[in-house]
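The values are calculated or read from the model by the stated rules, or taken from the named source; none is laboratory data. As the structure is a prediction and not an experimental result, all values here were calculated from the model. No Cβ is skipped: glycine too gets one built from the backbone with ideal geometry, and neighbour counts run over all protein chains shown.
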Amino acid sequence: MSLVAVRVDLNCDMGESYGIWKLGRDEEVMPFVTSANIACGFHASDPHVMRRTVQLAKKHGVAVGAHTGFPDREGFGRRYIQVTKDELKDDVIYQVGALAGFLKANGMKLQHVKPHGAMYTVAVNDQELSEGIVEGIQEYDPELLLYAMPHSLTYKIAENRGLPVVPEGFVELNYLPNGSLALERAKKAWDPDEVARRFVRLLKEGKVTTVTGQDIRVDVKSVCVHGDAPNTPEILKALESAMKREGIERTNIKELL
């Protein structure tokens, strides 16, 4: 009897260029992922980039999510901006609606929402921000998926309020002892072999090692790879090799829920 393969959704932050400023290697990355988190114009992207990235995702059969961030292009959305719950809710609805327009124009539907940068990492332990994110999504479309860390307050609030939520893990960021992330202000190049080792361990053992050296349990259905790293395509190729070797399959997240 053959063993059932481990299956995972691979998501990546994409469409983060704007104007003449280019970030990421989306054309090289898209064939390796199953879900694309496309920036919506606040922390990065513009209408033309959104359209092109949606079309690229359609070409490769990749599901699309809205990558919502704080209005902070200079800081790439990785700086915290103080907002109320209602302000954040409106910002989420605004960004989701913008991307959904380009999806509709290309005969596609929005699959999920994934907050970006500081919006994601601060909300992990913030009741008001988490409620703003969840309520914004539910007011727009309560069937949309939310990607969130399984240890986070965001995840728990979404789960308690009936919003479908995807437990997400990371293999090219470091974890803190409480299960949150040590955010990089500028994404560095990671060793592809080390990322692949972390990836296999996360999926096979459900564990990550924190910055303090302790192991914590992290059960995930999706793994994120950041599109703005200098060597994202090389990282994804290393993950592809590891998946073939270890019996891990990429699949759309809706097949795993």
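Working carefully through the options Lys188, Lys221, Lys204, find the one that is among the charged types (D, E, K, R) and at pLDDT below 95.
Lys188
Kindly indicate which of Val171, Val134, Val165 is closer than 30 Å to Glu194 by Cα and without any contact (Cβ under 8 Å) to a residue 40 or more places away in the chain.
Numbers: Val171 fails: without any contact (Cβ under 8 Å) to a residue 40 or more places away in the chain; Val134 fails: closer than 30 Å to Glu194 by Cα.
Of the residues listed, the single one that is closer than 30 Å to Glu194 by Cα and without any contact (Cβ under 8 Å) to a residue 40 or more places away in the chain is Val165.
Quick check, is Thr232 touching a residue at least 12 places away in the same chain (Cβ under 8 Å), out of contact with any His (no Cβ under 6 Å at 6 or more places or on another chain) and under 20 Å from Asp191 (Cα atoms)? Before you say what the answer is, go through the steps one by one.
Numbers: touching a residue at least 12 places away in the same chain (Cβ under 8 Å): yes; out of contact with any His (no Cβ under 6 Å at 6 or more places or on another chain): yes; under 20 Å from Asp191 (Cα atoms): yes.
So Thr232 fits the description; yes.
Could you say which residue among His60, His67, His48 is modelled with pLDDT of 95 or more and exposed (fewer than 13 other Cβ atoms within 10 Å of the Cβ)?
Working: His60 fails: exposed (fewer than 13 other Cβ atoms within 10 Å of the Cβ); His67 fails: exposed (fewer than 13 other Cβ atoms within 10 Å of the Cβ).
Checking each option against the conditions leaves just His48.
Counting residues that are under 27 Å from Gly169 (Cβ atoms), charged (D, E, K, R) and touching a residue at least 12 places away in the same chain (Cβ under 8 Å), which strands (runs of 3 or more DSSP E) fully inside the stretch 1-111 reach at least 2?
Strands (runs of 3 or more DSSP E) meeting the threshold: 6-14.
Only strands (runs of 3 or more DSSP E) wholly contained in the stretch 151-257 count here; list those with 1 or more residues that are farther than 18 Å from Gly117 by Cβ and among the polar types (S, T, N, Q).
Here the list reads 207-209.
Out of (1) in contact (Cβ under 8 Å) with a residue 40 or more places away in the chain; (2) over 17 Å from Asp86 (Cα atoms); (3) touching a helix residue (DSSP H, G or I) at 6+ places or on another chain (Cβ under 9 Å), what's the single condition that is false for Val122?
Only one criterion in (1) in contact (Cβ under 8 Å) with a residue 40 or more places away in the chain; (2) over 17 Å from Asp86 (Cα atoms); (3) touching a helix residue (DSSP H, G or I) at 6+ places or on another chain (Cβ under 9 Å) is unmet by Val122, namely (2).
Inspect the stretch 128-137 for any residue being closer than 20 Å to Pro47 by Cα and outside any strand (DSSP E or B) and give the result as yes or no.
no
Just the residues that are under 18 Å from the mean Cα position of the chain (by Cα) and surrounded by fewer than 20 Cβ atoms within 10 Å (Cβ to Cβ), please, taken from the stretch 86-96.
Scanning the stretch 86-96 gives a single hit, Ile93.
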